[in-house]
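Enquirer: Before we start, here is the structure in question, set down as structure tokens.
Values in this text are rule-based calculations from the coordinates and carry no lab data. None of the values given here were measured: they were computed from a predicted structure. Glycine also receives a Cβ, built like all others from the backbone with ideal geometry; neighbour counts cover every protein chain displayed.
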Amino acid sequence: LILERDLQAAIEHGELVLFYQPKVDMRTEELVGMEALVRWNHPRLGMVPPLKFISIAEETGLIVPLERWVLRTACLQVQQWAREGRPSVPVAVNLSQIHLMQTDIVESVLATLEDLKFDNSLLELEVTESAMMHNEAQVIEVLGRFKQAGISVSLDDFGTGYSSLSYLHLLPIDCLKIDRSFIKGITTNENSRAIVEMILTMSRQLGLHIIAEGIEHKEQVELLRDLQCFTAQGFYYSKPVPAGEVFACRKLSS
Ligand code: G
Ligand code: G
Ligand code: NA
Ligand code: MN
């Protein structure tokens, strides 16, 4: 059982760590980005996955200091990779709805980037489709200010949030991440495939980039390439790995 005070202490005592999952160009197998995913390296329990503590963090408000730590740490890591001569690709961090709704969210993120002298164009924010549906007007305003500052925004888990397609074109976003539940059946299930094709057509019409999440098989890669979808994230290329292993992944060509 994870308690609020344990999590508070974990944030303060440096027990959180970031893993990174590559985003890959399926044509060239080049690394084109990565997503930072938090874990809790618990002294007794070992590596605790985020599903075990994100909801507690959200219920207690600890998600705000937690994600501030994630942002700062991911940016510092990108700068460290640059010093090591690694190709510079954007890093994505997840923003919980609770954090997104903080009145000073834009100022807070921009202050961190300024403090680190971080290149804004190397940051992506991932916001879930369900977070968008609350306080639509406020979300549009906040995301618009991020976009203005050169930070890109992706709609995560797309297709699971029952969002109204009629206002998708109003959202200041750059990219849709197709939820892995649709990718899972893409080569075996007519309906999954139809949904993915529909999302691809729509995203082209709206000028949005697309990432296919949860790619696990070569057949999925081949089908998606045929459908002109070229960016992927999934176990087929790499699971989320510690910072030291991202560029060691043999499957990737960069
Ligand atoms: O890494 P893994 O696949 O176990 O992640 C499980 C879930 O935890 C995913 O939905 C992921 O988006 C979420 N998650 C990981 N890091 C963060 C974070 O920093 N903030 C939020 N809100 N969710 C995160
Ligand atoms: O979109 P979200 O932030 O929820 O996604 C991150 C989560 O998805 C992480 O927990 C990661 O481990 C998981 N994930 C990433 N790629 C795959 C995959 O190919 N298959 C499955 N089952 N899970 C994946
Ligand atoms: Na995400
Ligand atoms: Mn997702």
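Enquirer: In what sequence do Phe235, Phe247, Phe53 fall when counting other Cβ within 10 Å, fewest first?
Expert: The fewest-first ordering by Cβ neighbours comes to Phe235, Phe247, Phe53.
Enquirer: Another question, if that's okay. Over what distance in Å are the Cα centres of region 82-110 and region 1-40 separated?
Expert: If you average the Cα positions of each part, the centres end up 12 Å apart.
Enquirer: Exposure proxy check: Thr188, Thr112 ranked by fewest other beta carbons within 10 Å?
Expert: Thr188, Thr112
Enquirer: How large is ³J(HN,Hα), in whole Hz, for each residue of region 74-79 in order, when computed from phi with the Karplus curve 6.51 cos²θ - 1.76 cosθ + 1.60 and θ = phi - 60°, using x for Gly and Pro?
Expert: 5, 5, 4, 5, 4, 5
Enquirer: Given the options Gln205, Gln79, Gln97, which has the most mean-square fluctuation in a GNM of the chain, springs set between C-alpha atoms less than 10 angstrom apart?
Expert: Ranking Gln205, Gln79, Gln97 by mean-square fluctuation puts Gln205 first.
Enquirer: Still on this structure, please answer the following. Counting Lys and Arg as +1 and Asp and Glu as -1, each charge on the Cβ, what is the dipole of the chain about the Cα centre in debye, to the nearest 20?
Expert: With only Lys, Arg, Asp and Glu charged at Cβ, the dipole is about 600 debye.
Enquirer: Tell me, what is the percent relative contact order of the chain, built from C-alpha pairs under 8 Å that lie six or more residues apart?
Expert: Reported as a whole number, the value is 21 percent.
Enquirer: Sticking with this structure for a sec: Multiply the residue gap between Ser121 and Met202 by 0.36 nm, knock off their C-alpha separation, and tell me the result in nm, one decimal place.
Expert: Working it through step by step, the gained length comes to 26.6 nm.
Enquirer: Once you order the gyration tensor axes a ≥ b ≥ c over the Cα atoms, which shape class does region 165-254 get: rounded for a/c under 1.5, otherwise prolate or oblate by comparing a/b with b/c?
Expert: Oblate is the answer for region 165-254, as a/c is 1.5 or above yet b/c matches or exceeds a/b.
Enquirer: Can you check what the net charge comes to around Met47, using other residues whose Cβ is under 13 Å from the Cβ of Met47 (Lys, Arg +1; Asp, Glu -1)?
Expert: Spelling it out: positives minus negatives among the neighbours equals +3.
Enquirer: If you don't mind, another one. One-quarter of the Cα convex hull surface for region 4-248, in nm²?
Expert: One quarter of the hull surface, i.e. the mean projection, equals 13.5 nm².
Enquirer: Please report the net charge: other residues with Cβ closer than 14 Å to the Cβ of Glu219, K and R +1, D and E -1.
Expert: With Lys, Arg at +1 and Asp, Glu at -1, the neighbours total +1.
Enquirer: Next question, about the same structure. Which value in nm describes the separation of the simple spin-label points at Glu12 and Thr103, placed 7 Å from the Cα toward the beta carbon?
Expert: For Glu12 paired with Thr103, the spin-label model returns 2.7 nm.
Enquirer: Taking a threshold of 26 Å on the Cα-Cα distance, which of the pairs Lys147/Lys239; Lys23/Lys218; Lys147/Lys251; Lys52/Lys117 fall above it?
Expert: The pairs that break the limit, which is 26 Å between Cα atoms, are Lys147/Lys239; Lys147/Lys251; Lys52/Lys117.
Enquirer: Per-residue HN-Hα couplings for region 191-197, Karplus 6.51 cos²θ - 1.76 cosθ + 1.60 at θ = phi - 60°, whole Hz, x for Gly and Pro?
Expert: Coupling constants for region 191-197: 6, 4, 5, 4, 5, 5, 4 Hz.
Enquirer: So how much slack lies between Arg27 and Leu51, counting 0.36 nm per residue of separation and subtracting their Cα-Cα distance, in nm?
Expert: 5.4 nm
Enquirer: Further question: Show that you can apply the helix-only estimate: for the chain, add -39,500 (n - 2.57) for every DSSP H stretch of four or more residues, divide by all residues, and state [θ] at 222 nm to the nearest 500.
Expert: So the helix-based figure for the chain works out to -12000 deg cm²/dmol.
Enquirer: Mind listing the phi-derived Karplus ³J(HN,Hα) values for region 40-49, rounded to whole Hz, using 6.51, -1.76 and 1.60 with θ = phi - 60°, and x for any glycine or proline?
Expert: Each residue of region 40-49 in turn: 10, 7, 7, x, 9, 8, x, 6, 8, x Hz.
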